[in-house]
Each structure stands twice: as C-alpha cells, then as structure tokens.
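Laboratory data are not the source of any read-out in this text; all were calculated from the coordinates shown. Predicted model only: the values in this text are computed from it and were never measured. Quick reminder, even Gly has a Cβ in these numbers, built from the backbone with ideal geometry, and neighbours come from all protein chains shown.
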Amino acid sequence: MISEWNGIWGKAATPAGLPARGGATVSAVACPPEVTLCLAGGHETPANGNRAQAFILSQAG
C-alpha cells in the first residue's frame with residue numbers, strides 16, 4: 001500500500017496479513033473525493049497453492 005498527500009508519495013508498505021512478495025492482486029480501488037478514505041479489494045493466493053482468499057483494505061486520511 002502506498003499513500004499520496006498533496007502530490008507527495010509516501011513509502012510503500014505491505015499490509016498486515018498479505019504476503020510481502022507476489023501472490024496478491026488488487027482488483028479495484030476507490031477514493032471518493034468527498035471523503036478522506038480509500039478502499040481497495042482483491043485476492044491473494046497462498047504459496048502453498050491453497051484456494052485464493054479475498055481481501056479488502058482501507059486507509060483513512
């Protein structure tokens with residue numbers, strides 16, 4: 001996850017619970033201009049080949 005505020009980008013970080021390398025795919029991102037909240041959703045596939053699991057991330061600004 002990475003944040004941007006007034007044109008300045010922050011440092012990228014892996015959200016807790018997701019693998020640090022590969023396996024996670026973000027399918028949708030929404031950051032409505034009238035609120036200070038962004039949401040992202042997608043899925044991650046564990047390295048052991050188990051079924052993919054959905055995730056939702058949020059960040060309030």
For the stretch 31-61, what are the residues that are among the β-branched types (V, I, T) and part of a loop (DSSP other than H, G, I, E, B)?
V35, T36, T45
Filtering the stretch 2-25 down to residues that are outside any loop (DSSP other than H, G, I, E, B) and out of contact with any strand residue (DSSP E or B) (no Cβ under 8 Å at 6 or more places or on another chain) yields E4, W5, I8, W9
Read through the list (1) hydrophobic (A, V, I, L, M, F, W, C); (2) without any contact (Cβ under 8 Å) to a residue 24 or more places away in the chain; (3) outside any strand (DSSP E or B), then give the number of the only condition that A28 fails.
(3)
